[in-house]
Amino acid sequence: MLAYQSGAGLENGFAVTTASSSGRAVAPAVMPADPDRGLSGTQLIGLGVYLAVAFVVPLIAGLLVDQLAHTSPAGLLLGLLVGIAAAGFGLRAQLRRYL
């Protein structure tokens, strides 16, 4: 990804500063991207982990209920439905500001 130089720093969704207020050179400090541009990489990773956990945990709980209660497909299907609903509502809550 290329960025072009402007008077304020690099322009590519990041603001970069290279000098402190005393005039000494310091290491660049990358500011977060504009929230109107979309999700950052770490936010996308967090969202993926959340969706995986929200889907898999109820599914495994349903399988455990099936083993304990000897109700073969009922717990699995119930866990699957709860996992899909939890993942869907969580995704909507996380992406509400972008919709």
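Each reported figure results from applying straightforward, stated rules to the coordinates on display, with no laboratory input. None of these values were measured; they are calculated from a predicted model. So basically every Cβ, Gly included, is an ideal-geometry build from the backbone, and we count neighbours across all protein chains shown.
Structure summary
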{"read-out": "Karplus 3J(HN,Hα) series, Hz, for region 39-55 with 6.51 cos²θ - 1.76 cosθ + 1.60 (x for Gly, Pro)", "value": "7, 7, x, 5, 5, 5, 5, x, 5, x, 5, 4, 4, 5, 5, 5, 8"}
{"read-out": "Order of Phe55, Phe89 under a 10 Å beta carbon neighbour criterion, fewest first", "value": "Phe89, Phe55"}
